[in-house]
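Here the structure comes first, spelled out in structure tokens, and everything after it is commentary.
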Amino acid sequence: MEQNESHDVVIIGAGPAGLTAAYEILTKTDLRPVVLEASNEIGGISRTVEHHGNRMDLGGHRFFSKSDVVMDFWKNRMPLQGMPARDDLLLCREVLLDADGPDPEKEDRVMLVRRRVSRIYYLRKFFDYPISMKPATFLNMGFGRTFCAGVGYLWSVAFKRKENTLRDFMINRFGVPLYKMFFEDYTRKVWGRDPKEISASWGKQRIRGISLTKALLAACRNLFRRKNRDMGIEQKKVETSLIEQFLYPKKGPGQLWETVAEDLCRMAKEKFGESYEVVRKDAPVTKIRLRDGKIESVLTGIGESKKDFTARYFISSMPVKDLVLSFCGESIPEDAFEVAAGLPYRDFITVGLLLKKLKIQNTTAMKTVGNIVPDCWIYIQERDVRLGRLQIFNNWSPYMATDLENSVWIGLEYFCNEGDELWSMSDAKFIDFAITELCKIQLIDRDAVLDSIRVKVPKAYPAYFGTYEQFDVLRKYLDTIGNLYCVGRNGQHRYNNMDHSMLTAIEAVQQILRGSEDKTSLWNVNADQEYHESK
């Protein structure tokens with residue numbers, strides 16, 4: 001038997017967008033919100049997974065934004081460190097500190113300032129990411145590849161292509177040889193498609209401001225940079241993929257969103273009474289009832305746990321495909337339904353490995369605890385493995401690993417489709433497969449593995465092929481549902497960064513406050529605004 005609850009605002013999903021929307025409602029309105037989360041976890045793909053005390057960041061999250069609103073939101077939830085972190089102390093390393101900030105050695109609710117280091121592993125060698133013009137790049141590539149890359153880049157500058165596909169987009173910025181060396185195979189790993197089958201929209205949104213020319217200009221600017229520059233001012237002028245510092249919660253991104261959820265629960269109880277539950281876990285939305293062009297209610301759970309939530313407004317961060325397929329009560333235009341049903345996603349698997357040590361040596365000038373390589377993550381460009389990216393959690397935060405000085409805690413990222421060969425492997429078989437690949441490309445020795453875990457993430461990345469090119473048809477239909485506001489990465493089927501997802505939620509609440517049913521500004525977040533990556 002169904003139970004009924006009535007609220008002012010129903011928010012679907014407890015990821016960055018959903019929790020930000022709830023926070024905005026609680027702090028700026030008198031509306032009563034409820035957040036419905038399908039899983040038992042907080043943070044969506046921005047959550048932290050803990051295994052035997054070691055913590056994994058799913059996907060790797062830099063806390064950096066060109067939006068002051070977002071930066072202030074993060075720092076107000078978790079203040080900037082006021083004393084050195086554990087690895088800063090061990091290495092006697094200077095770091096940007098807030099004189100009034102907490103000591104990360106004593107308190108948990110604290111943001112660390114971290115160095116951004118990421119490289120490409122190709123030809124069993126390291127290359128800067130984005131590709132730089134350093135002598136080491138040319139030495140690693142060899143004379144023949146370097147000559148071809150130079151000629152190809154000059155050709156791409158002189159003869160621009162019409163950008164119909166992601167392949168065209170990349171070649172225009174790097175030339176054919178560099179595209180084939182550093183982008184083509186990796187893109188196939190991530191999306192399972194040839195770049196010529198993927199819309200150029202992905203590149204225009206994610207890396208519109210990146211090119212070989214801009215990477216060179218950034219390198220020149222760095223010669224004159226000030227050390228420990230302010231996170232909120234000077235780095236706004238830098239392309240997001242070229243930033244050198246970012247903020248990071250002491251125990252990973254999930255810690256921040258769990259903190260936000262705790263704050264929401266406290267605020268809601270203070271405002272509406274001790275019995276008020278603002279965040280509901282294990283509450284998957286299974287049916288959405290439409291009536292007279294608006295959402296009337298959403299149904300959660302199955303069997304005796306079914307519950308019907310009615311509200312005036314509905315903010316959704318659930319995958320837009322699942323959203324539309326959950327509609328009932330009114331007929332859906334056939335063309336919009338077909339677009340929704342055909343929207344593709346890319347799923348994600350992470351393997352966490354605890355190691356005695358890495359086989360690769362740190363040959364950089366950067367000091368690290370245990371002298372491990374300094375990278376936060378490494379793009380695996382090698383064609384003979386399925387592995388896409390490798391994270392080194394020791395370098396994200398010294399508190400992600402239980403034994404910082406004597407072990408290395410890493411994450412191996414694989415991209416797949418739900419139900420395919422990789423997804424269907426048993427945990428034991430897949431972990432063995434991942435270890436074998438790392439040994440093959442000479443990153444570890446098998447006997448260095450101390451512990452392991454495998455984590456699956458469905459619908460991690462909305463994809464830019466399939467019916468995506470007709471997405472405007474679906475968007476126009478969704479905009480006719482007056483009390484529905486689609487936010488976040490999956491809610492808008494847009495490969496947003498975390499800050500952009502938060503900004504969609506903030507804009508949705510502003511539209512509710514204005515009484516506006518015109519969703520144009522909501523869809524334009526991360527499309528043509530100042531806070532876009534290529535500001």
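The values are calculated or read from the model by the stated rules, or taken from the named source; none is laboratory data. All of these numbers come straight from a predicted model, not from anything done at the bench. FYI the Cβ positions are ideal-geometry reconstructions off the backbone, even for glycines, and counts take in every protein chain you see. Please note that ligands, DNA and RNA were not included when accessible areas were found on the heavy atoms of the full protein model with its side chains. Shrake-Rupley method; radii C 1.70, N 1.55, O 1.52, S 1.80 Å.
As a test question: what accessible area, to the nearest 10 Å², does Cys265 have when a 1.4 Å probe is rolled over all protein chains in place?
Looks like 50 Å² after rounding.
Just add up the charged neighbours of Ile444: K/R +1, D/E -1, any other residue whose Cβ is under 12 Å from the Cβ of Ile444.
Net local charge, Ile444 excluded: +2.
Quick one: order Glu437, Glu421 from most to least accessible surface, probe 1.4 Å. Walk me through the numbers on the way to the answer.
Working: Glu437 15, Glu421 125 Å².
So the residues, ranked largest to smallest area, are Glu421, Glu437.
Quick check of the Kirkwood formula: for the stretch 303-418, what is the inverse mean of 1/r over all pairs of different Cα atoms, in Å?
It works out to 18.6 Å.
If you roll a 1.4 Å probe over the heavy atoms of the protein chains, what accessible area per residue do you get for the chain, in Å²?
Dividing the accessible area of the chain by its residue count gives 42 Å².
Give me the net charge for the shell around Trp191: Cβ to Cβ below 11 angstrom, other residues only, Lys and Arg +1, Asp and Glu -1.
Its environment carries a net charge of +2.
So, with +1 on the Cβ of K and R and -1 on the Cβ of D and E, and no other charges, what is the size of the charge dipole of the stretch 66-156 about its Cα centre, to the nearest 20 debye?
The dipole magnitude comes to about 720 debye.
Based on Cβ point charges of +1 for Lys and Arg and -1 for Asp and Glu, what charge dipole magnitude is obtained for the stretch 240-315 about its Cα centre, in debye rounded to the nearest 20?
With Lys and Arg at +1 and Asp and Glu at -1, about 240 debye.
Out of all DSSP beta bridges in the chain, what portion is antiparallel? Express it as a percent rounded to 5.
Here the antiparallel bridges make up roughly 70 percent for the chain.
How big is the dipole moment of the stretch 411-535 about its Cα centre under a simple scheme where the beta carbon of each Lys and Arg is +1, that of each Asp and Glu is -1, and everything else is neutral? Debye, nearest 20, please.
In total the dipole reaches around 280 debye.
For the chain, compute the orientation-averaged projected area of the C-alpha convex hull (one quarter of its surface), in nm².
25.0 nm²
What Kirkwood radius, in Å to one decimal, follows from the Cα pairs of the stretch 384-527? If you can, show how the numbers build up before the last one.
Working: mean 1/r = 0.0534 Å⁻¹.
In the stretch 384-527 this quantity evaluates to 18.7 Å.
Can you give the angle from 0 to 90° between the axis of helix 253-272 and the longest principal axis of the chain, with both taken from C-alpha atoms, to the nearest 10?
Value to nearest ten degrees: 20.
Could you work out the helix-only [θ] at 222 nm for the chain, with each DSSP H run of four or more residues adding -39,500 (n - 2.57) and the total divided by the number of residues, to the nearest 500 deg cm²/dmol?
So the helix-based figure for the chain works out to -9500 deg cm²/dmol.
Based on the Kirkwood radius over alpha-carbon pairs, what is the Stokes-Einstein translational diffusion coefficient of the stretch 371-461 at 10 °C with 1.306 mPa s viscosity, in µm²/s?
Rounded to a whole number, D works out at 111 µm²/s.
Starting from the Cα of Lys271, draw a straight line to each of the lysines and keep only those under 25 Å, dropping any in the same chain fewer than 8 residues away.
Lys28, Lys75, Lys281, Lys307
Determine the share of the chain's accessible area contributed by carbon and sulfur atoms, expressed in whole percent, with a 1.4 angstrom probe.
Taking all protein chains in place, the chain shows 50 percent carbon and sulfur surface.
Kindly provide log₁₀ I(q)/I(0) values, in the same order as q = 0.15, 0.23, 0.27 Å⁻¹, from the Debye equation applied to equal alpha-carbon scatterers of the stretch 274-317.
Each listed q maps to, in turn, -0.42, -0.90, -1.11.
Please enumerate, by chain and number, the aspartates and glutamates with C-alpha under 20 Å from the C-alpha of Lys306, excluding those fewer than 8 residues away in the same chain.
Partners within reach: Glu2, Glu5, Asp8, Glu37, Glu41, Glu277, Asp282, Glu296, Asp322.
Of Lys189/Lys429; Lys125/Lys189; Lys180/Lys357; Lys429/Lys459, which sit over 28 Å apart, Cα to Cα?
Lys180/Lys357
Among Pro135, Val339, Phe73, flag the residue with its Cα farthest along the positive direction of the charge dipole of the chain, charges on Cβ as +1 for Lys/Arg and -1 for Asp/Glu.
Checking the options against the dipole of the chain, the answer is Pro135.
Under 15 Å from a point placed 7 Å out from the Cα of Glu50 along the Cα-to-Cβ direction: which residues of the stretch 391-408 have their backbone N that close?
Zone members listed by number: 399-403.
Using only Cα atoms, find the angle between the long axis of helix 498-514 and the longest principal axis of the chain, and express it within 0 to 90 degrees, rounded to the nearest 10.
So the inclination is approximately 30 degrees.
Please list, by residue number, everything in the stretch 121-136 whose backbone N is under 16 Å from a paramagnetic label point 7 Å out along Cα→Cβ of Arg383.
121-125, by backbone N distance to the label point.
Calculate the length of the line joining the C-alpha centroid of the stretch 114-158 to that of the stretch 1-80, in whole Å.
39 Å
Two decimals, Cα atoms only, Kirkwood Rh: what is Rg/Rh over the stretch 233-359?
Numbers: Rg = 20.9 Å, Rh = 19.4 Å.
Radius of gyration relative to Kirkwood radius: 1.08.
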